[in-house]
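Have a look at the structure below before the remarks.
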């Protein structure tokens, strides 16, 4: 028996139906809204079950229930993508908050970053809260689980976020590189830090009270500096 994950909501489910990256096991849809998805559901008639709004409330994990819920097969991508020249990636070292992981997948999609890698201390890519936070972007980014030895073997230049790093505005990040983001509470692990020569930081106001930035916010700022100019 294969593992499955849950996706809910119009935006997320529409992207998963449009892009056949993950095999669909089952579709649950509220009867009055079937017309919205008829074209996308072509060929899935045998896997589609029409249910009532009350039944959707019973199976949904959302506070405000959606009119569609999908069950899909879990499938991660081939880590050989890291060996290809010109590919870029973000490596998450122990980022445990599902909302942050999902948001970083969305950021990677926005800026054209090819892959997101997580170690086993991170929130799972297919956690329902992660899937929800991606807003469908998980279909457009390679998702890989691997320990840091895999990124070291890729031969790509590593950049890591540290409080004492060089100001991001003074750094030009190579296009063919891996950005390492540490956990919300502990940062990048000491063992991995030893392999990162390019330490970068986001310097805030001198009068700031905040001790640090949320990891997904930091990822967005760095990716704008790293990749933003490519699309202008």
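The values are calculated or read from the model by the stated rules, or taken from the named source; none is laboratory data. The shown structure was predicted, so the numbers you read here are calculated from the model rather than taken from an experiment. Reconstructed Cβ throughout: ideal geometry from the backbone, glycine too, with neighbour counts over all protein chains shown.
Where residues in the stretch 184-213 are in contact with a helix residue (DSSP H, G or I) (Cβ under 7 Å, 6 or more places away or on another chain) and more than 21 Å from residue 170 (Cβ to Cβ), which of them is surrounded by the most Cβ atoms within 10 Å (Cβ to Cβ)? If we take residues in the stretch 184-213 being in contact with a helix residue (DSSP H, G or I) (Cβ under 7 Å, 6 or more places away or on another chain) and more than 21 Å from residue 170 (Cβ to Cβ), then 192 is surrounded by the most Cβ atoms within 10 Å (Cβ to Cβ).
Of all residues in the stretch 170-185, those that are without any contact (Cβ under 8 Å) to a residue 60 or more places away in the chain, within 12 Å of residue 201 (Cα to Cα) and either assigned to a loop (DSSP other than H, G, I, E, B) or within 25 Å of the chain's Cα centre (by Cα) (or both) total 1.
Taking the conditions exactly as written (exposed (fewer than 11 other Cβ atoms within 10 Å of the Cβ) and assigned by TED's automatic domain parsing to the domain that holds residue 130), does residue 85 satisfy them or not? If you could, list the steps in order and put the result at the bottom.
Values: exposed (fewer than 11 other Cβ atoms within 10 Å of the Cβ): yes; assigned by TED's automatic domain parsing to the domain that holds residue 130: yes.
In short, yes.
Of the residues 62, 17, 41, the single one that is over 16 Å from residue 134 (Cα atoms) and touching a residue at least 24 places away in the same chain (Cβ under 8 Å) is 41. When the residues of the stretch 20-38 are filtered to those that are exposed (fewer than 12 other Cβ atoms within 10 Å of the Cβ) and farther than 20 Å from residue 128 by Cα, the one that is nearest to the chain's Cα centre (by Cα) is 38.
A count restricted to the stretch 72-108 and to residues that are touching a strand residue (DSSP E or B) at 6+ places or on another chain (Cβ under 7 Å) and assigned to a loop (DSSP other than H, G, I, E, B) stands at 8. Residues of the stretch 56-71 that are part of a loop (DSSP other than H, G, I, E, B) and surrounded by fewer than 13 Cβ atoms within 10 Å (Cβ to Cβ): 61, 63, 64. In a residue-by-residue description of the stretch 109-123, the property of being modelled with pLDDT of 95 or more and part of a helix (DSSP H, G or I) applies to at least one position. In the set (1) under 19 Å from residue 137 (Cα atoms); (2) at pLDDT 95 or above, residue 66 fails one condition alone, (2).
Here the stretch 124-151 is the region considered, the condition is being assigned to a helix (DSSP H, G or I) and in contact with a strand residue (DSSP E or B) (Cβ under 8 Å, 6 or more places away or on another chain), and the residue that is surrounded by the fewest Cβ atoms within 10 Å (Cβ to Cβ) is 150.
Residues that are under 18 Å from residue 19 (Cα atoms) and over 11 Å from the mean Cα position of the chain (by Cα) within the stretch 121-161 are absent altogether.
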